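Written out below as structure tokens is the structure these notes cover.
The values are calculated or read from the model by the stated rules, or taken from the named source; none is laboratory data. Note that this is a predicted model, so its numbers are computed, not measured. All Cβ positions, glycine included, derive from the backbone under ideal geometry; neighbour counts span all protein chains shown.
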Amino acid sequence: MTRKTMVITSVVIVAIMIIGALLYFVVFKGEDQSKFYGTWRADLAGFDFGNSTTNSYWTFYEDGRFKNTEVTLEFSDNVPIIGFEENEGQKTFTVKSLGPKSIEWGTYEVKGGKLYINAQSDIEFPIGFGFDYNFVNDNQFTLNVMMFQLEFNKIDESDIPDPTYTFDNIKWENINISVDTSFSSSEELQWDNIQLTRSSTSYSGEHAPSNWGYVTINDEIEIGDYQSDFITVTLTWVPNGEEIDMIFF
């Protein structure tokens, strides 16, 4: 092998090593994932939510963790804020958050030109589905979510609002649960079918049983089996009669 051939061979080998390293970084380690690091306020592109009462913030950490923070800015001081998630098939609803700030954790990954998120939030993230993204600059990017486009602007995580909230240790006995099957008025309501799954005492009367204790994250309420195609569950704060939430099945 001549000296010239050896030089050419060496250059080719080095080039292959560089290309291989780049491919490994892009394909296996993620494509410029560092661009996402930090906290971003999410807004629906094309809409003015300057007076929105709820804001969403996404935080991407270097270790692959993802945090979605939802903050309610305007609310009544006379009724507690309780976030529920309903399961229509099982006719249950679960306490997912307490207070004006709710946080969901997950993981994320950038590959193939798409952002993959494994987490739960008000926006349902389909498993194995990648979102197309586009960085406008280092402090702004857009994300295509289903039929909408979200716009993200970078902020400091410490700038996420933290509203003052006065309700602590909320008791179930201060909550009235009512079920309406108005489209099937002939169906008899079975109040004792309403059950907190962690308690052996069924619901009855004007409020939840005192031995249900305090409202806790992941508390699950069963409302029983009804034939109606449309069921409304209303939760009311007994001390003043204000509505906490309305859930539809």
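Numbers for the structure displayed
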quantity	calculated
For E173: the one exception among (1) at pLDDT below 95; (2) under 28 Å from N218 (Cα atoms); (3) in contact with a strand residue (DSSP E or B) (Cβ under 9 Å, 6 or more places away or on another chain)	(1)
S121, sole failed condition from (1) in contact with a strand residue (DSSP E or B) (Cβ under 6 Å, 6 or more places away or on another chain); (2) modelled with pLDDT of 90 or more	(2)
Test result for S97, within 25 Å of T236 (Cα to Cα), of a type in the set (S, T, N, Q) and either modelled with pLDDT of 90 or more or not in a loop (DSSP other than H, G, I, E, B) (or both)	yes
Members of the stretch 202-218 found to be in a loop (DSSP other than H, G, I, E, B) and at pLDDT below 90, listed by number	G205, E206
Odd one out for A208, checked against (1) aliphatic (A, V, I, L, M); (2) touching a Lys or Arg at 6+ places or on another chain (Cβ under 6 Å); (3) within 18 Å of V79 (Cβ to Cβ)	(2)
Any pair with Cβ under 6 angstrom, 6 or more apart, that starts in the stretch 196-212 at a residue that is touching a residue at least 24 places away in the same chain (Cβ under 8 Å) and surrounded by 11 or more Cβ atoms within 10 Å (Cβ to Cβ) and ends at one that is of a type in the set (G, A, S) and part of a loop (DSSP other than H, G, I, E, B)	W212/S199
Long-range neighbours under 6 Å by Cβ, at least six apart or interchain, first residue of a type in the set (K, R) within the stretch 79-101, second surrounded by fewer than 16 Cβ atoms within 10 Å (Cβ to Cβ)	K96/E85
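To keep it simple, each residue is scored yes or no on (1) of a type in the set (A, V, I, L, M); (2) surrounded by 15 or more Cβ atoms within 10 Å (Cβ to Cβ); (3) modelled with pLDDT of 95 or more; (4) over 26 Å from T54 (Cβ atoms).
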| position | (1), (2), (3), (4) |
| --- | --- |
| K154 | no, yes, yes, no |
| P161 | no, no, no, no |
| T164 | no, no, no, no |
| V179 | yes, yes, no, yes |
| D192 | no, no, no, yes |
| E220 | no, yes, yes, no |
| S228 | no, yes, no, yes |
